[in-house]
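Engineer: First the structure, which I've put down as structure tokens, then a few questions once you've had a look.
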Amino acid sequence: MPNTLHKTRKQISKKRNGVVNSLHEKSRDSMRLHKASVRDQRLEKLAAARSKREQPIVDRVAFFQENLREGGGDAFDVPAIQDLITTFIAQYNEEYSELKKARRPGRPASAREDLLKIKMDALETEYKQGFTLPDITTTEGATQLERWEGSWPYLTTLSWVKISSDGQCRSSEFPSKGLN
């Protein structure tokens with residue numbers, strides 16, 4: 001969390017013997033405080049946007065980590081991973097069908113329904129071309145994924161693979177630009 005405002009406020013209060021409230025509207029110190037608060041807001045906004053962009057990757061890794069732990073921590077073969085991928089893709093089917101049923105006949109789809117449909121189509125397309133996930137086909141990759149504590153920087157240390165719907169498994173690199 002940005003703390004420029006806190007540091008600036010502390011410096012100004014030291015200079016003014018602890019009184020920060022009695023600043024003139026256009027004084028240098030008030031301008032410094034304003035500039036620091038604007039910077040903090042900008043940094044928070046950028047961090048929120050980055051977090052939102054990285055969330056699909058984190059959710060994907062968490063899904064496979066959870067299934068790996070349920071499987072005993074052993075490496076999976078490609079058909080078992082394909083079953084997990086279809087489960088991951090199908091996780092939105094129930095919510096999508098509920099939204100579709102709740103809609104009155106003749107009405108256009110809701111924004112949430114459209115979003116789910118786009119997300120499901122993107123996941124299907126990615127699965128046909130090669131679904132990117134942490135490498136759980138090897139025991140080293142499985143143990144690395146099992147040790148993952150949820151942090152973004154640790155994801156770069158994992159080995160990644162792409163598994164397509166026809167069973168091809170090839171190595172890949174860390175998906176830094178977001179997946180969907």
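The values are calculated or read from the model by the stated rules, or taken from the named source; none is laboratory data. Just so we're clear, the structure is a prediction, and the values are computed from it rather than from any experiment. For neighbour counting, all protein chains shown are included, and Cβ atoms are generated from backbone atoms with ideal geometry for every residue, glycine included. The accessibility values were calculated without ligands, DNA or RNA, using every heavy atom of the protein model including side chains. Shrake-Rupley method; radii C 1.70, N 1.55, O 1.52, S 1.80 Å.
Engineer: I'd like the FRET efficiency for Arg28 and Lys117, computed as 1/(1 + (r/R0)^6) with the beta carbon distance as r and R0 of 45 Å, rounded to 0.05.
Structural biologist: Working from the Cβ atoms, E equals 0.25.
Engineer: Per the 1.4 Å probe, what fraction of the accessible area of the stretch 80-177, in percent, lies on carbon and sulfur atoms?
Structural biologist: Carbon and sulfur atoms account for 51 percent of the accessible area of the stretch 80-177.
Engineer: Could you give the size of the charge dipole of the chain about its Cα centre, using +1 on the Cβ of each K and R and -1 on the Cβ of each D and E, expressed in debye and rounded to the nearest 20?
Structural biologist: In debye, rounded to 20, the chain gives about 2120.
Engineer: Roughly how many Å is it from the Cα centre of the stretch 5-74 to that of the stretch 120-170, as a whole number?
Structural biologist: 31
Engineer: Further, regarding this structure: Any idea which of Ala80, Phe64, Leu99 is furthest toward the positive side of the dipole for the stretch 1-144, if Lys and Arg beta-carbons carry +1 and Asp and Glu beta-carbons -1?
Structural biologist: Leu99
Engineer: Would you please give the residues with an amide H less than 5 Å from that of Asp135, counting only those at least 5 places away or on a separate chain, with H modeled from the backbone geometry?
Structural biologist: Amide H to amide H, under 5 Å and 5 or more residues apart or across chains, Asp135 pairs with Ser159, Trp160, Val161.
Engineer: Using a/c under 1.5 as the rounded threshold, could you call the chain rounded, prolate or oblate? The axes a ≥ b ≥ c are square roots of the C-alpha gyration tensor eigenvalues, and prolate needs a/b larger than b/c, oblate otherwise.
Structural biologist: Since a/c reaches 1.5 but b/c is at least a/b, the shape of the chain is classed as oblate.
Engineer: With a sphere of radius 9 Å drawn around the Cβ of Ser171, what net charge do the other residues whose Cβ falls strictly inside it have (Lys, Arg +1; Asp, Glu -1)?
Structural biologist: That sum, taken over residues with Cβ under 9 Å, equals 0.
Engineer: Counting only heavy atoms of the protein chains, get the accessible area per residue of the stretch 1-95 (1.4 Å probe) and round it to a whole Å² value.
Structural biologist: Result: 69 Å² per residue.
Engineer: Work out which helices of the chain, taken as complete DSSP H runs, extend at least 15 Å along their axis over the Cα atoms and score a mean Kyte-Doolittle of -1.0 or more, then list them.
Structural biologist: 78-89, 111-129
Engineer: What pairs in Lys45/Lys101; Lys119/Lys162; Lys45/Lys162; Lys100/Lys162; Lys14/Lys52; Lys10/Lys45 have C-alpha atoms more than 29 Å from each other?
Structural biologist: Lys45/Lys101; Lys45/Lys162; Lys100/Lys162; Lys14/Lys52
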